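Student: I am attaching a structure below and will ask some questions about it afterwards.
What follows draws every value from the coordinates through simple rules; no lab data is involved. Being a predicted model, the structure only gives us computed values, none of them experimental.
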Amino acid sequence: MIRRLVLALLLSLAALPALAVNPDEILSDPKLEDRAKNLSLQLRCMVCQNQSIEDSNAELARDLRLLVRERITDGDSDAQVIAYVVSRYGEFVLLKPRLSAKTVFLWGTPIVLFVAGTTVMFINGRRRGRKSAGEKLTADEQARINRILGE
């Protein structure tokens, strides 16, 4: 029983995410290191694309982490560090994109298209419901139909 419990504990610890930051990257000042981690969590790994550079083991992510730490030690503010990285790699490097005309257009277009499509379907459905069944059959036409149907 104890062996199984120890094994389960070890296996659950193995599932914890490995920290990508190498010990040689860590800054000696804990306040600067906290700033660097916070900034690294906001930047996308350009190789992995779904991870922050803090969580990625890619070489480019390592280079970006070192760049962020270098800019911080040079005295840049958080906004200056982010602006520098964005100027080199573009807006895609941000995990949470800034609100701009491009992002509003990007996120708003599907909503506008959905509303427009729903409106068109609603209007067409109401028009079809209003159409009359056409002119009534004459007595001769109704008699002919009845003969064909065998009534």
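Student: Please sort through the DSSP H helices of the chain and keep those with an alpha-carbon extent of at least 24 Å along the long axis and a Kyte-Doolittle average not below 0.0.
Tutor: On the way: long enough: 101-130 (42 Å, 0.50).
Span-like helices in the chain: 101-130.
Student: Let me check against my output: what whole-number percent is the relative contact order of the chain, with C-alpha pairs under 8 Å and at least 6 apart? Can you show the working numbers first?
Tutor: Details: 89 pairs, mean separation 24.1, N = 151.
So the answer I get is 16 percent.
Student: In Å and from the alpha-carbon atoms only, list the Rg and Dmax of the chain.
Tutor: Cα radius of gyration and Dmax of the chain are 32.4, 101 Å respectively.
Student: What's log10 of I(q)/I(0) for the stretch 80-151 at q = 0.27, 0.29 Å⁻¹, Debye sum over Cα points only, no solvent?
Tutor: -1.12, -1.18
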